[in-house]
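Undergrad: Below is one structure. I have some questions about it.
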Amino acid sequence: MLFFASLLVDGILAGSVYAVMALAFVVVYKASRMINFALGEWVMFGSRLAATGVHGVGLGPAGALAFAGAAMVALALAFNRVVLRRLVGQPLIGIIMVTLGLGALMRGMAPLLFGGVPAAIPLPIPQEPLVMLGIRIPVGRLVALVVAVAAIAGVGAFFRWSRTGVALRALADDQQVALSMGIDVHRHLAIAWGMVGVLAVIGGVLWTMVAGVGFGLVLLGLKVFPIVVIGGLDSFAGSIVGAVAIGVLESLTAGYVDPLVGAGFSSIAPYVLLLVVLFVWPYGLFGRPDARRL
């Protein structure tokens with residue numbers, strides 16, 4: 001029973017970090033109906049820029065996070081200015097191909113830009129784990145949980161109650177109508193992608209702190225895709241539920257199934273769950289079909 005509880009807690013803590021990355025995916029989709037297949041590369045860049053701020057520039061943890069956040073926002077604004085402005089109103093497939101191309105470019109540039117930078121980001125967090133009811137919980141994972149919950153709450157409140165959030169939701173419904181109503185599409189898309197840059201830094205740093213990986217962060221983009229599809233592509237609540245479900249599924253599968261069938265099955269278990277969910281709920285757990293007037 002203690003082993004099961006340990007796996008369950010570990011899965012929930014990992015799912016909280018997945019939720020931040022899924023949030024970055026949902027922000028873009030909710031604002032523009034665009035699917036960002038370069039999310040893993042954005043997260044990796046955010047983490048490596050924070051590490052560069054610590055090891056290359058000599059900043060403290062807070063300064064390194066601010067440095068990485070500013071750099072990722074600048075990247076987002078440049079991407080919006082140079083590429084996305086030319087694609088407003090164009091077929092969605094073209095935008096998807098652009099994100100794939102951007103991901104390939106970022107993946108190729110990363111070893112050149114960050115090859116000599118250590119991936120570790122030292123943070124003032126105790127290394128000794130907490131013991132609660134016999135379960136050893138790393139303090140870093142608890143900190144990651146708190147930060148993830150705060151980020152999710154902040155973005156959800158922004159989209160629900162701020163004027164900019166309402167405008168972004170209007171853009172997702174119909175860009176042409178939003179333009180005719182006086183909404184500055186380019187400015188609001190820049191805001192959405194700037195949010196993605198900040199969330200990529202937060203998610204990358206949290207995952208590096210929890211799992212201690214660097215360039216392997218790119219692969220996390222593949223894990224986020226089943227999370228957001230299971231939860232519903234345009235649902236913040238769905239991304240949270242899907243992230244926790246995938247985190248718990250991976251943890252339990254790694255603990256109980258991998259020893260029986262071989263290591264690695266826990267990596268494909270999320271995609272098995274994805275297929276099951278899509279058979280029952282084609283739009284995901286919290287997704288809704290677009291309303292159309294007949």
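The values are calculated or read from the model by the stated rules, or taken from the named source; none is laboratory data. No experiment lies behind these values; they were computed from the predicted model shown. Because the Cβ atoms are built from the backbone with ideal geometry, glycine has one as well, and the counts that use them run over all protein chains shown. Protein only, heavy atoms only, side chains kept; ligands, DNA and RNA dropped before computing areas. Shrake-Rupley method; radii C 1.70, N 1.55, O 1.52, S 1.80 Å.
Undergrad: Taking only protein heavy atoms and a 1.4 Å probe, what accessible area per residue, in Å², does the chain have with all protein chains in place?
TA: Details: 14220 Å² over 294 residues.
Accessible area per residue, the chain: 48 Å².
Undergrad: Oh, and also: Report the dimensions of segment 15-161 along its three principal axes from the alpha-carbon atoms, largest first, rounded to Å.
TA: If we take the Cα atoms of segment 15-161, the spans are 55, 38, 24 Å.
Undergrad: Could you size up the charge dipole of the chain around its Cα centre, putting +1 on the beta carbon of Lys and Arg and -1 on that of Asp and Glu, and report it in debye to the nearest 20?
TA: Numbers: 17 positive and 10 negative charges, 147 e Å.
That gives the chain a dipole magnitude of about 700 debye.
Undergrad: Using all Cα-Cα distances in segment 69-150, what percent lands in each 10 angstrom bin from 0 up to the longest?
TA: 13, 27, 25, 22, 12, 2
Undergrad: If you don't mind, there's one more thing I want to ask. Can you compute the modelled spin-label distance between residue 278 and residue 113, with each label point 7 Å from Cα toward Cβ, in nm?
TA: About 3.2 nm separates the two model spin labels.
Undergrad: Per 5 Å bin, what is the whole-percent P(r) computed from every C-alpha pair distance within segment 1-49?
TA: 5, 18, 19, 18, 15, 11, 8, 5, 2, 0
Undergrad: To the nearest 0.05, what FRET efficiency results for residue 267 and residue 57 with a Förster distance of 25 Å applied to their C-beta separation?
TA: Efficiency for this residue pair is about 0.10.
Undergrad: Report the one residue of 97, 251, 119 whose Cα lies farthest in the direction of the positive end of the charge dipole of the chain (charges on C-beta: Lys and Arg +1, Asp and Glu -1; origin at the Cα centre).
TA: So the residue we want is 97.
Undergrad: Now, a different point. Once neighbouring chains are kept in place and the probe is 1.4 Å, which whole percent of the accessible area of the chain is contributed by carbon and sulfur?
TA: On the way: 9890 of 14220 Å².
C and S atoms contribute 70 percent here.
Undergrad: A further question follows. Can you give the log10 of the normalised intensity I(q)/I(0) at q = 0.14, 0.16 Å⁻¹, computed with Debye over equal Cα scatterers of the chain?
TA: Reported log10 I(q)/I(0), two decimals: -1.06, -1.35.
Undergrad: I've got another one for you. In vacuo Debye scattering of segment 149-204, one point per C-alpha: log10 I(q)/I(0) at q = 0.15, 0.20 Å⁻¹?
TA: Values returned for q = 0.15, 0.20 Å⁻¹ are -0.45, -0.74.
Undergrad: With angles folded into 0 to 90 degrees, how steeply does helix 61-82 sit against the dominant principal axis of the chain? Use alpha carbons for both and round to 10.
TA: The two axes meet at around 30 degrees.
Undergrad: Then there is this: To two decimal places, what compactness ratio does segment 140-236 give when its Cα radius of gyration is scaled by 2.2 N^0.38 Å? Could the numbers behind the result be given before it?
TA: Working: Rg = 15.7 Å, N = 97, 2.2 N^0.38 = 12.5 Å.
Ratio of Cα Rg to 2.2 N^0.38 Å: 1.26.
Undergrad: Let me ask something else. For segment 186-259, compute Rh as the Kirkwood radius over C-alpha pairs and then the Stokes-Einstein diffusion coefficient at 10 °C and 1.306 mPa s; write the answer in µm²/s, rounded to an integer. Can you show the working numbers first?
TA: Working: Rh = 14.0 Å.
Approximately 114 µm²/s, per Stokes-Einstein.
Undergrad: Between residue 136 and residue 158, what is the FRET efficiency for a Förster distance of 25 Å, r being their Cβ-Cβ separation, to the nearest 0.05? Mind showing how you got there, number by number?
TA: Working: r = 36 Å, r/R0 = 1.43.
Once rounded, the FRET efficiency stands at 0.10.
Undergrad: Taking amide H positions as placed in the peptide plane 1.01 Å from N, state which residues far from residue 233 in sequence (5 or more) or on other chains have amide H under 5 Å from it.
TA: Those qualifying (amide H under 5 Å, at least 5 residues apart or on another chain) number zero.
Undergrad: Of the peptides 39-47, 222-230, how do they stack up when ordered by the mean number of other Cβ atoms within 10 Å, highest first?
TA: On the way: 39-47: 28.3, 222-230: 23.0.
In descending order of packing, they fall as 39-47, 222-230.
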